Amino acid sequence: MDEQALIAEARTGNPQAFNALVGAYQGVAYNVAYRVIGHPDAAADATQDAFLAAYRALPTFRGGSFRAWLLRIVANVCYDQLRQRRRRPQVSLEDMAEDPDYASSLSDGRESPEEAVLRQDVRRAIEVAIAKLPFDQRVTVVLSDVEGFSYEEIAAATGASLGTVKSRLSRARARLRDYLAQGRELSRR
Amino acid sequence: MLDFLGRLQRSEHSYCQENLSSYLDGELSPRARERVDRHLAECERCRWDLETLQRTVGLLRAMPRPKAPRSFAIPETMPAPALPFWMRPGVYTALRAATATAALFFVMTVAGTVLSVPMQSRAPAGAAPMLAAAKAAATAPAAMPLPATAAQNAEALPNGTPAAPKFGAGAATPSAAPAAAAAAEAPVSPAPGEPTLTAEEATRRASAPLGKGGGALPGPTADLAGTAAPPSVAAQPTPEEATGRGTPSEATPTPLEVARALSVPQEESTARAGDVSGPDRGQASATAAASVSLEAQPGAPDASREARLRLVAFPWQTLLVATAGVLAALVAATLWLRSARSRWP
């Protein structure tokens, strides 16, 4: 069954058809949530919420990129999560690296040799730098540089214009670069 | 020249800085890329920036992608997806239309309130009787030859000679004798014809309420009993008739009171108080316009006047508060719905 058929099927009230879509997209959804929120448990919660919301919102899907549409919901849910967490702060990024689950989740078989080279402290520095970005820039740079989305798809997923996407990305990268250059992460490689 | 070149260089530099990110992604047009290339060739700072940006993006791309910790499949018992009612097509449009209608109503109510206020304040600041008086005066005059409505000037002179009515007292403040003012303010068409009020009656009316010989009305000063009519109106009154005898005033032992009822052929009635010099001179001057005009028979109603009075009588303020409340609620609902909808894909 192709994607459009699954969507049409799910729209009629077939959770199994929708779960086929969940299986196809939960990786990217969780990754974006994780990079944007910065915490694995909160990211899992956000991903689950996003899929439930997406199922309910299926009637509003009017074609186009389902992935971009889904990630817009993910981004919205992440935004809500972050707002809630700001009200009652929980685990900080510093605790995360000590978390054995987190460490093991980083070293699965999907890492390329280049990724393996990326040292733990550099990853940490990047995560901290991403966490310092404004929400919109964070989503944009995660979708573009971590997930490899095109400008058009990012525009669809964030509801912004192409020009806005370009300038957000430019500013986000410059900030990350400045932060990493301060910590000499850029010169070590 | 050097300055110009410097500025050119700076603008090229900022152009390059702005576009490095897109340059990196190969998203620039060939012309823009050429322009960046040209600047990169001569600007070491930009070359360094490009290199570090490149490395940053490389690091981001090399970030590990943790796999999903569990399945995010939704429960198989989930009911068919249904939009919340406020997300259904048409709801937002209908709400916006309702808000627009409420806004229109609100504007109309504000206009009505504003239009009605000057009329209310023109009627003496006071209550029902004033309004009633104004109403009576308003409905009466137009086509009706109304007698003394115009001006009743009753003067009592001690020496018995009919004195020329003294007009020209300054414009009176309506507050002194609100009812009189209200009544007298009503436009009166020329009513030369048949004054139904006899001079005697006028005089009686004039002097009856007097506690003392001088005062025209129990109000603070007789001067103020009149209305705010242009002074010129009363300058040359034409005494129609009604020179009569009044009852002796209490203040003056043996006065011969002469009452003059004057019909002033003017659009605006002038119920003007004559000069009242006070009890010592025994001159009683009174304006009977108020009471007289109140007696006026309702004649052919002046339609526009009626309409305006109805406008005044309408409970605008209540309506204004109600409309404002409805409008505020609708605007709040529309704003909420707009933000809620924008959160949905």
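The values are calculated or read from the model by the stated rules, or taken from the named source; none is laboratory data. Not measured: the values here are computed from a predicted model. So basically every Cβ, Gly included, is an ideal-geometry build from the backbone, and we count neighbours across all protein chains shown.
State yes or no: is residue B:125 out of contact with any strand residue (DSSP E or B) (no Cβ under 8 Å at 6 or more places or on another chain), at pLDDT 60 or above and among the hydrophobic types (A, V, I, L, M, F, W, C)? Step through it out loud before you land on a result.
Working: out of contact with any strand residue (DSSP E or B) (no Cβ under 8 Å at 6 or more places or on another chain): yes; at pLDDT 60 or above: no; among the hydrophobic types (A, V, I, L, M, F, W, C): yes.
When the stated conditions are applied, residue B:125 does not pass them.
Within segment A:26-48, how many residues turn out to be more than 9 Å from chain B (Cβ to nearest Cβ) and under 18 Å from residue A:67 (Cβ atoms)?
Let us first name the residues in segment A:26-48 that are more than 9 Å from chain B (Cβ to nearest Cβ), namely A:32-33, A:36-39, A:42, A:45-46.
This time we only want the ones that are under 18 Å from residue A:67 (Cβ atoms), so: A:32-33, A:36, A:46.
Residues in segment A:26-48 being more than 9 Å from chain B (Cβ to nearest Cβ) and under 18 Å from residue A:67 (Cβ atoms): 4 in total.
Hey, among A:159, A:148, which residue is more than 15 Å from residue B:57 (Cα to Cα), within 16 Å of the chain's Cα centre (by Cα) and facing chain B (nearest Cβ under 9 Å)? Spell out the reasoning first.
Numbers: A:148 fails: more than 15 Å from residue B:57 (Cα to Cα).
Unique residue meeting the criteria: A:159.
Considering (1) at pLDDT 80 or above; (2) facing chain B (nearest Cβ under 9 Å), say which one residue A:75 fails and leave the rest.
Only one criterion in (1) at pLDDT 80 or above; (2) facing chain B (nearest Cβ under 9 Å) is unmet by residue A:75, namely (2).
If only one of B:31, B:61 is surrounded by fewer than 18 Cβ atoms within 10 Å (Cβ to Cβ), free of Cβ contacts under 8 Å to residues at least 40 places away in the same chain and more than 7 Å from chain A (Cβ to nearest Cβ), which one is it?
Details: B:61 fails: more than 7 Å from chain A (Cβ to nearest Cβ).
It is B:31.
Sort out which residues of segment A:45-55 are hydrophobic (A, V, I, L, M, F, W, C) and within 15 Å of residue A:82 (Cβ to Cβ), and write them in order of number. If you could, list the steps in order and put the result at the bottom.
Start the filter on segment A:45-55 by keeping residues that are hydrophobic (A, V, I, L, M, F, W, C), which leaves A:46, A:50-54.
Scanning segment A:45-55 gives A:46, A:50.
Need pairs with beta-carbon distance below 7 Å; first residue facing chain B (nearest Cβ under 7 Å) and farther than 13 Å from residue A:126 by Cβ and within segment A:170-189, second surrounded by 23 or more Cβ atoms within 10 Å (Cβ to Cβ) and modelled with pLDDT of 90 or more; sequence gap 6+ or separate chains.
Listed pairs, sorted by first residue: A:170/B:21.
Quick check on segment B:305-345: of everything there that is more than 30 Å from residue A:70 (Cβ to Cβ) and charged (D, E, K, R), which residue is farthest from the other protein chains (Cβ to nearest Cβ)? Explain how you work it out, then say what you get.
Residues of segment B:305-345 that are more than 30 Å from residue A:70 (Cβ to Cβ), as a first pass: B:305-332.
If we keep only those that are charged (D, E, K, R) too, we end up with B:305-306, B:308, B:310.
Working: B:305: 59, B:306: 57, B:308: 54, B:310: 51 Å.
This residue is B:305.
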